[in-house]
Amino acid sequence: MAVSLTIPLPAGYRLRDVLAFHGRDAEGLAEQVGADGLRKGILLEGTPVLLEIGFAQDAARCRIAADGKLTARLRAAAEEALLNMLGLRIDPAAFADAAREDPMLGPLLARQPGLRIVQSATVFEALTWAIIGQQINLSFAISLRRTLIQLAGHPHSSGLWCYPEAADVARLELEELTSRKFSGAKAETLLRLARLVHEGELSLDRERDPQEVSRELLAIKGIGPWTVNYALLRGYAYADCSLHGDVAVRSALHKLAGGETRPDIAQAERMLERYKPHRTMAAAYLWASLSEQAG
């Protein structure tokens, strides 16, 4: 069962950023990205769903195709996922107004107007990706993510695999992950999180207070401040995540602010304080500054 809808896009929408985020896995197991659109498979409400997005000049032409009945609840979840994937949760205008004259990030704003934070399709996907990516390089993290999808996900009738929900991951055994290059600690944390969500002990409602979410996540063994902030950024679209524990953010601060050594975590936290309550967008521009320098 399928339905189509159109989502308006703001002026100056940066399509390349969205395609780059969703196209990180070159094998295209659960996401396929082309020059002017993308397709993603995901499990929602236990149903394999294909989300297709084609981009016109001022709008995203979207299609939701479910392998089963497209209930009102399932359609609402799919539409939420589309908004997340399009990066339409955080309006960058507030940060631009606040930081336009900032000596460090102001010039970046001028060179890269309209930068947005693209979200994962669901909060659970953002959290699991944050756990998978802890303390390993990007290519290895992507390969582990692919393994999780193959172990816990399901194929959609289109051929794309669907990113799993908590119930699917909760059914896995530890050895299924550790025998496929997951460390014991990473596998235990993933299963612990999935089981808490599946059993109703942890709510991933996007409308919850971010501070309450942070406290509950930090109480889970294996989840620390970096993982929480990254999940708030990619899953909850929280506008004031302080990514002072992120190595890339600290490297960008060092290159932009100067100094003999890269700031430590405490120094980076102090440097980011001046961007409250817009520290999420500050992190986005710091990441973008490294791409500029690499280019």
Protection-proxy order for peptides 177-185, 89-97, each taking the mean of Cβ atoms within 10 Å per residue, highest first: 89-97, 177-185
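Considering Cα pairs under 8 angstrom that are at least six residues apart, work out the relative contact order of region 149-209 and quote it in whole percent.
RCO, region 149-209: 27 percent.
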In terms of the alpha carbon gyration tensor, root eigenvalues a ≥ b ≥ c, rounded if a/c is under 1.5 and otherwise prolate when a/b exceeds b/c or oblate, region 197-294 is prolate
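Can you work out the FRET efficiency for the pair Leu15 and Gln112, with r the C-beta to C-beta distance and R0 = 22 Å, to the nearest 0.05?
Working: r = 14 Å, r/R0 = 0.63.
Here the calculated transfer efficiency is 0.95.
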Relative contact order (%) - region 203-295, alpha-carbon pairs under 8 angstrom, separation at least six: 25
Rounded, prolate or oblate for the chain? Axes are the square roots of the Cα gyration tensor eigenvalues, ordered a ≥ b ≥ c, and the cut-off for rounded is a/c under 1.5. oblate
Can you work out the FRET efficiency for the pair Lys181 and Thr6, with r the C-beta to C-beta distance and R0 = 35 Å, to the nearest 0.05? 0.25
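What is the ratio of the Cα radius of gyration of region 2-90 to 2.2 N^0.38 Å, with N the residue count, to two decimals?
Details: Rg = 12.7 Å, N = 89, 2.2 N^0.38 = 12.1 Å.
So the Cα radius of gyration is 1.04 times the expected 2.2 N^0.38 Å.
Per the helix-only calculation at 222 nm, which mean residue ellipticity applies to the chain, given -39500 (n - 2.57) for every DSSP H run of n ≥ 4 and division by its residues, nearest 500 deg cm²/dmol?
Values: 14 runs with 139 residues, N = 295.
Mean residue ellipticity, 222 nm, calculated: -14000 deg cm²/dmol.
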Place a point 7 Å from the Cα of Arg274 along the Cα-to-Cβ direction; which residues of region 215-258 have their backbone N under 15 Å from it? 253-258
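From Cα pairs below 8 angstrom and at least 6 apart in sequence, can you work out the relative contact order of the chain, rounded to a whole percent? Kindly include the intermediate steps, with their values, before the conclusion.
Working: 449 pairs, mean separation 50.2, N = 295.
Once normalised by length, the contact order is 17 percent.
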Report, by chain and number, residues whose modeled amide H sits under 5 Å from the one on Ala60, excluding near sequence neighbours (fewer than 5 apart, same chain). Ile7, Leu9
To the nearest 20 debye, the chain has a Cα-centred charge dipole, built from +1 on Lys and Arg Cβ and -1 on Asp and Glu Cβ, of 400
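What size of dipole, in debye to the nearest 20, comes out for region 2-90 about its Cα centre when the only charges are +1 on Lys and Arg C-beta atoms and -1 on Asp and Glu C-beta atoms?
160
Read-outs throughout are calculated quantities, based only on the coordinates presented, and are distinct from any laboratory measurement. These numbers were taken from a predicted model, which means no experiment stands behind them. All Cβ positions, glycine included, derive from the backbone under ideal geometry; neighbour counts span all protein chains shown.
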